[in-house]
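Worksheet for the structure shown next.
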Amino acid sequence: MATQTQWIGPHVFREVAPTAALVETEAPPRDLLTGAEWNPASLRELYHLAADVKAHPELYRAALAGRSVAMIFEKPSLRTRVTFEVGVRNLGGSPVFLDHSQSRLGVREEIQDVAKSLQRWVHGIVARTFDQSILEKLAEHADIPVINALTDAFHPCQAMADFFTLEERFGNLRGLEMAYVGDGNNMCHSLMLAAARLGVHLRVATPTRYRPDPAILADARRTAKQTGGRTHLFTDPAAAIAGAQAVYTDVWVSMGQERESAERLQAFAGYQVTEALMELAAPGAVFMHCLPAHRGSEVAAGVIDSAQSVVYEQAENRLHVQNAIMLTLLD
Ligand code: CP
Ligand code: NVA
C-alpha cells in the first residue's frame, strides 16, 4: 500500500501508513485541515456536488436544517466570513460567529475545552487561525468536522474553489498550465496541493528566499506522479507565465506579516503581474487572485480590472464549493 503524508506541525509532513478512511475513495474525509486529506476522487466528488449546488440551490435549502456551525476567526475576513455565513444559512443551518481578533484561541481557555464544549452545541467548526497547529488541535479534540478557513500555512477552501472556477472555464483540469507568481505562502501551498491532486501543471515563480515549503512541494510532487500533475519552481516570473492558461498571484504581505512589509515589498519588486507579463501567457489565459488585492503591488490595475480577470468568479465560487464541502463533511 502506498504511504500517505500527514501534516504534523508547522512545515513538517511525515509519512504515515494510510488509514482505512484515506484509502476508501468513497469515504469522504472528516476534516479539511490542509487539503492533503482530500484525495483526487474526493475532490472530483466535491466538484460534482458543488456544480449541482450552484445550479440547483433550491434543492439544498434544508440540507443543514437544525445544524449549527461555529466560525472562529483570529484574522480579518470579507469573503470567507460572508460566504460561510451566507452558505450555512442558504443550506438551512445557523452560523455562530466567534470573533477572536482580539484574543488568540487558547489564551482564555485551553483549545481542548473550546473543542469539547463546542461539539456539545454545534455540528461543525470553521476556523481561521494564525498557527496551523491551533487548527489541528481543535480537530484533534473535537468529534465534529473542522474546516480550515485560512491559516499561516494553508488556504484550502480558496484553492478548491479556484480549481472549480478553472474547470468551469476550461472544461478539464488535467494538464492545464497554470502559473503562480509571488510569495510561496499559504495560498501557494494550497494551490500546489490541489493542483497535484487534479493533474494540473503548476509553475511557481518566487524570489529564492520566499519559496514554498519544501515538505509541501515534496507532497505535491509525490501526488502529482499519480495524476499526471507537475510542480516546477522558478525565480523568473516570465519563465513561469510563458504559455500559461491561468496566471495567479497573491499579496506580498500576508495577514500577520505586517512588520516585514518594507523588506517584502523590496524582495518582490519585479514580481508584479503586469500587462506585459500577461502577453506571454497563452491566448485566452485568465488572471486569478484570491483577494484582497493591492493594485500597483502584486498586480497591475490593467490586469486585475481587465476582461481576462476572473477574480469575482473565484469569489462567487467560494460560496458554492464551501457549501459542497459542508454538505460532504457535516452530512
Ligand atoms: N480570499 C479570502 O479568503 O478573502 P478574505 O480574507 O476576505 O476572507
Ligand atoms: N496570503 C493571504 C491570503 C488572504 C486571503 C493572507 O494570508 O493574508
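The values are calculated or read from the model by the stated rules, or taken from the named source; none is laboratory data. The shown structure was predicted, so the numbers you read here are calculated from the model rather than taken from an experiment. With ideal geometry, Cβ positions are generated from the backbone for all residues, glycine too; neighbour counts draw on all protein chains shown. Side chains are part of the model used for accessible areas, which takes the heavy atoms of the whole protein and leaves out ligands, DNA and RNA. Shrake-Rupley method; radii C 1.70, N 1.55, O 1.52, S 1.80 Å.
Sort out which residues of region 216-241 are of a type in the set (A, V, I, L, M) and open to solvent by 10 Å² or more (accessible area, probe 1.4 Å), and write them in order of number.
LEU217, ALA218, LEU233, ALA238, ALA239
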Handout entry: Residue, surrounded by the most Cβ atoms within 10 Å (Cβ to Cβ), within region 55-86, restricted to residues that are assigned to a loop (DSSP other than H, G, I, E, B) and of a type in the set (D, E, K, R)
Key = GLU74
Fill in the blank from the handout: Residue set VAL303, VAL311; condition away from ligand 1 (no atom under 16 Å from the Cβ) and open to solvent by less than 10 Å² (accessible area, probe 1.4 Å); output residue VAL303
Exercise for the section: Of the conditions (1) in contact (Cβ under 8 Å) with a residue 40 or more places away in the chain; (2) among the aliphatic types (A, V, I, L, M); (3) over 30 Å from LEU91 (Cβ atoms), ALA307 clears all except one; give me its number. Expected result: (1)
Completion exercise
For region 255-276, pairs from a residue that is farther than 10 Å from PRO207 by Cβ and assigned to a helix (DSSP H, G or I) to a residue that is at pLDDT 95 or above and away from ligand 2 (no atom under 13 Å from the Cβ), with Cβ under 7 Å and 6 or more apart or across chains, are GLU275/ALA300; GLU275/GLY302; GLU275/VAL303
Handout entry: Subset of region 148-180 (residues that are part of a helix (DSSP H, G or I) and out of contact with any Phe, Trp or Tyr (no Cβ under 9 Å at 6 or more places or on another chain))
Key = GLN158, ALA159, ALA161, THR165, LEU166, GLU168, ARG169, PHE170
Completion exercise
PRO292 vs (1) crowded, with 17+ Cβ neighbours inside 10 Å; (2) part of a loop (DSSP other than H, G, I, E, B): all pass except (1)
Completion exercise
Screening GLY171, GLY106, GLY182 for residues that are of a type in the set (Gly, Ala, Ser), surrounded by 24 or more Cβ atoms within 10 Å (Cβ to Cβ) and over 14 Å from the mean Cα position of the chain (by Cα) leaves only GLY182
Fill in the blank from the handout: Out of (1) touching a residue at least 40 places away in the same chain (Cβ under 8 Å); (2) more than 16 Å from ligand 1 (Cβ to nearest atom); (3) on the phi > 0 side of the Ramachandran plot, the one GLY171 does not meet is (1)
Problem - Those residues of region 87-140 which are among the charged types (D, E, K, R) and assigned to a helix (DSSP H, G or I), in sequence order - result: ARG89, ASP113, LYS116, GLU136, LYS137, GLU140
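For region 251-271, which residues satisfy the criterion of being farther than 27 Å from GLU74 by Cα and within 16 Å of ligand 2 (Cβ to nearest atom)? Even if it seems obvious, please write down each step before you answer.
Here is the first cut: in region 251-271, the ones farther than 27 Å from GLU74 by Cα are 266-267, 269-271.
Result: ALA267, TYR271.
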Handout entry: Every residue from region 195-215 that is touching a residue at least 12 places away in the same chain (Cβ under 8 Å), more than 20 Å from LEU176 (Cβ to Cβ) and either surrounded by fewer than 22 Cβ atoms within 10 Å (Cβ to Cβ) or in contact with a His (Cβ under 6 Å, 6 or more places away or on another chain) (or both)
Key = PRO207, THR208, ARG209, TYR210, ARG211, ASP213, ALA215
Practice task
Go through region 251-273 residue by residue and tally those that are farther than 21 Å from ALA159 by Cβ and surrounded by 15 or more Cβ atoms within 10 Å (Cβ to Cβ).
Solution key: 3
Problem - Odd one out for TYR248, checked against (1) away from ligand 1 (no atom under 16 Å from the Cβ); (2) buried (at least 20 other Cβ atoms within 10 Å of the Cβ); (3) among the aromatic types (Phe, Trp, Tyr) - result: (1)
Practice task
Please list, ordered by first then second residue, the pairs with beta carbon atoms under 7 Å, 6 or more apart or interchain, first in region 95-108 and over 20 Å from GLN119 (Cβ atoms), second of a type outside the set (Phe, Trp, Tyr) and open to solvent by 50 Å² or more (accessible area, probe 1.4 Å).
Solution key: SER101/PRO76
